[in-house]
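For reference, the structure is listed below as structure tokens.
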Amino acid sequence: MTHEEMEMLALIKSGDFRGLEQLIDLYGGDILRTIHYILNHPAEHSFIGDVQNKVFYRLWKELKQYDSEKSSLKTWITVITRNQALDEKRRIIRQLNIIPTASPDNDEKFEESYFEQENFLSLIVSLTAEDQLIFLKRYYYQDNVIEIAEDLHLSPEIVYNRLSRGRKKLQQQLQNKKGREHYE
């Protein structure tokens, strides 16, 4: 940990707002880039400032619990930022009250009935954060696999694999739920 980071942590832990100013100076650009990366569609741009403020407030409150033994400070801050931005993305989708529908390619069929049967967001919550983002981009924003791969710096093959595995997992969830409802 650098001297600047240690000084910043000490100030924040003592409740001195100069620590927050140092945090913004040190990591503000990284935080903003992470938020832009996740809230990257035009409908979400007006929420970026709110998310940034929520991240800074959360860091102000939670940095007192940061443990340098578990991760680097930058990683810890990035994870909090990413989670806050993903939470906001899900909230925006709920607020718009739109159930995403698929426009499947020939090799990629995900039945619209799954979206009719279940709320999309409650379905994808069981996926990893990155897979949730891939599903949102594909089935909510209707991005094609090439665009998703470029946005997330992945190969198209990885995106196809994650979509395929994710669909199988979600289909299994729906089957399990239907089975439980049948016996209840």
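The values are calculated or read from the model by the stated rules, or taken from the named source; none is laboratory data. The model shown is predicted, which means the values in this text are computed figures rather than measured ones. Because the Cβ atoms are built from the backbone with ideal geometry, glycine has one as well, and the counts that use them run over all protein chains shown.
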Quiz item: Does Gly15 satisfy the condition of being surrounded by 11 or more Cβ atoms within 10 Å (Cβ to Cβ) and out of contact with any Leu (no Cβ under 6 Å at 6 or more places or on another chain)?
Solution: no
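Looking at Gln173, is it touching a residue at least 12 places away in the same chain (Cβ under 8 Å) and not in a helix (DSSP H, G or I)?
So Gln173 fails the test.
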Self-check item: Residue list for segment 43-74, restricted to those being polar (S, T, N, Q), in a helix (DSSP H, G or I) and more than 28 Å from Asp143 (Cα to Cα)
Solution: Asn53, Gln65
Self-check item: Sole residue being buried (at least 19 other Cβ atoms within 10 Å of the Cβ) and part of a helix (DSSP H, G or I), chosen from Gly179, Gly166
Solution: Gly166
Quiz prompt | Considering residues of segment 48-89 that are farther than 19 Å from Ala129 by Cα and among the aromatic types (Phe, Trp, Tyr) only, the residue modelled with the lowest pLDDT | solution = Tyr66
Quiz prompt | Index of the failed condition, Asn40 passing every other in (1) closer than 25 Å to Leu136 by Cβ; (2) assigned to a helix (DSSP H, G or I) | solution = (2)
